[in-house]
Amino acid sequence: MPLDLEETKTLLRRTPDVLDVLLRGLPDPWVHEDDSPDTWSSFEVVGHLIEAEETNWIPRVRHVIAVGESAVFPPFDRFGFVEKSKGKSMAEMLGTFKRARVARVPRHSREVRGRAATDRSRRSVGGQPGAKVV
């Protein structure tokens, strides 16, 4: 499926509001409960999204633009959010995610704008076990 930058930006912009509607105001046990030891609670998922927003996806966009398929992504600490989210409420986490996403969607657009279509279609391989070509 070819990338449609405007559709992608719409999806990226809507995600914080969708999560807010689904999760804000739920009782703490509901947002902190996971299904099993190898799964994340909704609180942890939001923490992971914040961490990825702040430290991961813009560097990966730059990586794809710069080197395409010639190198794997630098590693990303999938659990980097754990310490940062301690003591925070779901409402705080949702607000943090929304602010981070709002700040980065226009930045991402600037990263891609002006590049030739062939540059925007570059792909790269994730640098972690089980990673896929993106």
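Below is a table of values for the structure above.
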item: Approximate spin-label separation residue 28-residue 62, in nm, with each point projected 7 Å along Cα-to-Cβ; result: 3.8
item: Positive-pole candidate from 50, 61, 40, dipole of the stretch 17-61, charges at beta carbon; result: 61
item: Cβ-placed point charges (K, R +1; D, E -1), dipole of the stretch 1-46 about Cα centre in debye, nearest 20; result: 280
item: Order by protection proxy (mean Cβ within 10 Å, highest first), peptides 89-96, 75-82; result: 89-96, 75-82
item: Restricting the stretch 9-75 to chymotrypsin sites (Phe, Trp or Tyr not before Pro) in coil, as DSSP defines it, with at most 15 other Cβ within 10 Å; result: 40
item: The stretch 1-101: equivalent-ellipsoid semi-axes (sqrt of 5 x gyration tensor eigenvalues, Cα, Å); result: 27, 17, 12
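Quick note: the coordinates plus some simple rules give every number you see, no bench work behind them. As the structure is a computational prediction, the values presented were derived from the model and not from experiment. Reconstructed Cβ throughout: ideal geometry from the backbone, glycine too, with neighbour counts over all protein chains shown.
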